[in-house]
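The values are calculated or read from the model by the stated rules, or taken from the named source; none is laboratory data. Please read all numbers here as calculations on a predicted model, not as lab measurements. Positions of Cβ are backbone-derived with ideal geometry, glycine not excepted, and every protein chain shown enters the neighbour counts.
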There are 2 protein chains.
Amino acid sequence: MEHRRETIAILGSTGSIGRSTLEIAARLNDKYRVTGLAAGSNVTLLLKQTAEFKPEIVSLRTERDAAEFRRRYKGGRVRVTFGPEGAVEVAGRSGNDIVVSAITGIDGLGPTLAAVKAGKKVALANKESMVVAGAFLKREAARSKARIIPVDSEHSGVFQCLAGQKMESVSRVILTASGGPFFRTPLGEIGRKTLDDALRHPRWRMGKKVTVDSATLMNKGLELIEARWLFDLDPARLDVLIHPQSIVHSLVEMRDGSVLAQLSRTDMKVPIQYALTYPEREVSPLPALDLSRIGPLEFHRVDERKFPLFALARTVLEEGESLPVALNAANEAVVGAFLAGGVRFGALAGLVERCLAAHVKRPVRNITEVFDIDRETRETAKIILKQRT
Amino acid sequence: MEHRRETIAILGSTGSIGRSTLEIAARLNDKYRVTGLAAGSNVTLLLKQTAEFKPEIVSLRTERDAAEFRRRYKGGRVRVTFGPEGAVEVAGRSGNDIVVSAITGIDGLGPTLAAVKAGKKVALANKESMVVAGAFLKREAARSKARIIPVDSEHSGVFQCLAGQKMESVSRVILTASGGPFFRTPLGEIGRKTLDDALRHPRWRMGKKVTVDSATLMNKGLELIEARWLFDLDPARLDVLIHPQSIVHSLVEMRDGSVLAQLSRTDMKVPIQYALTYPEREVSPLPALDLSRIGPLEFHRVDERKFPLFALARTVLEEGESLPVALNAANEAVVGAFLAGGVRFGALAGLVERCLAAHVKRPVRNITEVFDIDRETRETAKIILKQRT
């Protein structure tokens, strides 16, 4: 019997999540067909991906990149687009069943929203969308019947634990954090750490921005805000534990004293594949997790003096309104400057705090206002970063 | 609005599980009403329980105990019965919605079967029923629409992890074992251990028989056989890990590399309450599990040289037919002799093995044959135990 393969569009196909998704799609190619790819400016890799997967549409960040792609492309028919509109077109196209949203940062919001509005099954790796516009995405998903399946390993874990459970029975959701490279660094020494130190993550291999966010634990703060919207949980029911082994990704505490947890190897292909195949599960080529060969599993509370950006994110989670948008924008701007060099690791928290201090908290009424607050905060950050130098 | 409370009969009400069940029923007394109690020979405690919970029927092990109960009882109307038929009557009575099956050993089989045949929701703590007659109990439950909810903490954990998952996606079910009091005892010293040593369980407070079975790890072997029937899993998909902290009770490995686990404090009230309230969950007065205050969680493989009865149970699990019945009977008889004094801890495995060596493996066609094989093996055990002295 001939069966129809599900079609996948990947936003951020040349990034870490995008490449892993394509690996899975290639392995499960009797189930999936890739029909759209949106990339940044890695033209060479996108050409390779296009030759292999033969999508119907590709998009690049700029017109120049798109022109270069067209010049170098030798394959069959493919529509080549570019810019935010290009990514939105890839996301919302009627030929896709599944959209993997894996563009990093606020740039992912527009295409993610397009996928949600079009009622797709959205495998969400772009946590910033949920952080800054969770209420709007959830509302649109309810309208369009889009299903949002988280790809972040922690949220995938929560999602898996919640299957078959009633939300009214859940007393707390706990995300684990590896603690990043500085978990065991004494308080007094963290300030002196460098970009190289921050990029040396002990467990996960990820993009640079999220690796820095893991070192400050801002990543976990953003994930709490993401969880707040994904699972419709009030902030008091959200918690974090440091778990340096990164085997347990999250825990769901039920009101009767039982706790459900999800574990796996630290390989993003586990949650990516789950998001694609949900509600089914397909065989994975990864060796089974053998807990007897992994050192003991430790759990610690977060020391908020060592991780002030995590403490800031918790406050923002509780206060809500426009603050998550401003926090995300300030953090992206400041981490961007850190990655470019010239900002000390120890200065990150103070800089983000100064950006937030300059922000006037207010309700966010629509997506346009999300982009306005984002832009405004980046302007503020630019000035604050300039004052320093 | 007046609502009807669910009615509970408890088989083994004066034992550890029975007493905990009554505590829960008292706390959740707007949901549950206790209508039947079957006890052994603790007349004094059954009198107290009857005064407090006002069941419609009680049963004791012997006619003498029942006569004593009647003599000392000062309360309202209650039917007093005794013997195996008494327990069966309590179990199968039309007034009960839920039957908690917590009589230890083969004695629990008759009443459990009666509850299953009557289509009750059966909270199953009597693992021996499933070990010796799992195929029959499952067949009867399918006929009568009885639901069997496990009370053993490990099986309750598996049951909870499987909610919302498809069995075809499950690659392995792992039960944890605390390792009992001798997990860290060197191989050469285990043989010399005494009854007192064996009864000093590091984590769980339970009846004496199951505490000894925890020291030999036979308990975990029986639990594997129980899991085989409860979850319809072939032996190759069942495994055990030693986890001395007894916080993770079981793990369910999915074929896509995810593992789901259930954790809780080592308090049997968690799985008992879950079995009663399933599919709902009610608030528990237990303090939340705080993993940051518990030492690291360790997992080890079982050293089968140290725990030969576990190795034997694994073989029996794989070979099936009449062997589980013979194993359970031999173990009950030998542990009984150990509890009575006069058998060394180091001799337990050899004695059970000799009983099994004398048994001729054969198919079991019905429940009568289960009882026949059980009786026959106990006779063999009696002879073997006598030869020793």
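Only one of (1) touching a strand residue (DSSP E or B) at 6+ places or on another chain (Cβ under 9 Å); (2) of a type in the set (Gly, Ala, Ser); (3) surrounded by 18 or more Cβ atoms within 10 Å (Cβ to Cβ) is not met by B:Gly110, so which one is it?
(1)
Residues B:Gly188, B:Gly207, B:Gly257: which one is under 21 Å from B:Thr104 (Cα atoms) and out of contact with any Lys or Arg (no Cβ under 6 Å at 6 or more places or on another chain)?
Just a single option satisfies the conditions, and that option is B:Gly207.
Taking into account only those residues within the stretch B:294-317 that are exposed (fewer than 15 other Cβ atoms within 10 Å of the Cβ) and more than 9 Å from every other protein chain (Cβ to nearest Cβ), which is nearest to the chain's Cα centre (by Cα)?
Within the stretch B:294-317, the match that is nearest to the chain's Cα centre (by Cα) is B:Thr315.
Take the residues in the stretch B:1-27 that are farther than 20 Å from B:Leu47 by Cα and part of a loop (DSSP other than H, G, I, E, B), then tell me which one is modelled with the lowest pLDDT.
B:Met1
Output the residue which, of all residues in the stretch A:157-184 that are crowded, with 17+ Cβ neighbours inside 10 Å and assigned to a loop (DSSP other than H, G, I, E, B), is nearest to the other protein chains (Cβ to nearest Cβ).
Looking at residues that are crowded, with 17+ Cβ neighbours inside 10 Å and assigned to a loop (DSSP other than H, G, I, E, B), I get A:Gln165.
One residue is enough: does the stretch B:42-59 have a residue meeting the conditions of a type in the set (Gly, Ala, Ser) and surrounded by 19 or more Cβ atoms within 10 Å (Cβ to Cβ)?
Scanning the stretch B:42-59 turns up at least one residue that is of a type in the set (Gly, Ala, Ser) and surrounded by 19 or more Cβ atoms within 10 Å (Cβ to Cβ).
Would you point out the residue of the stretch B:252-276, among those that are buried (at least 19 other Cβ atoms within 10 Å of the Cβ) and more than 7 Å from chain A (Cβ to nearest Cβ), that is nearest to B:Ala227 (Cα to Cα)?
Checking each candidate, the answer is B:Val252.
Taking only the stretch A:277-293 into account, find how many residues are in contact with a helix residue (DSSP H, G or I) (Cβ under 9 Å, 6 or more places away or on another chain) and more than 8 Å from chain B (Cβ to nearest Cβ).
Residues flagged as in contact with a helix residue (DSSP H, G or I) (Cβ under 9 Å, 6 or more places away or on another chain) and more than 8 Å from chain B (Cβ to nearest Cβ) within the stretch A:277-293 amount to 2.
Assess whether B:Arg64 counts as being touching a strand residue (DSSP E or B) at 6+ places or on another chain (Cβ under 8 Å), in a helix (DSSP H, G or I), at pLDDT 95 or above and more than 29 Å from B:Arg281 (Cβ to Cβ).
no
Which of the residues that make up the stretch B:141-166 are modelled with pLDDT of 95 or more, farther than 18 Å from B:Asp97 by Cβ and aliphatic (A, V, I, L, M)?
Selection gives B:Ala142, B:Val158, B:Leu162.
Out of all the residues in the stretch A:93-104, is one or more assigned to a helix (DSSP H, G or I) and either touching a residue at least 24 places away in the same chain (Cβ under 8 Å) or touching a Pro at 6+ places or on another chain (Cβ under 8 Å) (or both)?
No, there is no match, as no residue in the stretch A:93-104 is assigned to a helix (DSSP H, G or I) and either touching a residue at least 24 places away in the same chain (Cβ under 8 Å) or touching a Pro at 6+ places or on another chain (Cβ under 8 Å) (or both).
Quick grid of which residues meet (1) touching a residue at least 12 places away in the same chain (Cβ under 8 Å); (2) within 14 Å of chain A (Cβ to nearest Cβ); (3) outside any loop (DSSP other than H, G, I, E, B); (4) buried (at least 18 other Cβ atoms within 10 Å of the Cβ):
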position	(1), (2), (3), (4)
B:Ala141	yes, no, yes, yes
B:His155	yes, yes, yes, yes
B:Asp196	no, no, yes, no
B:Thr211	yes, no, yes, yes
B:Leu222	yes, no, yes, yes
B:Asp232	yes, no, no, no
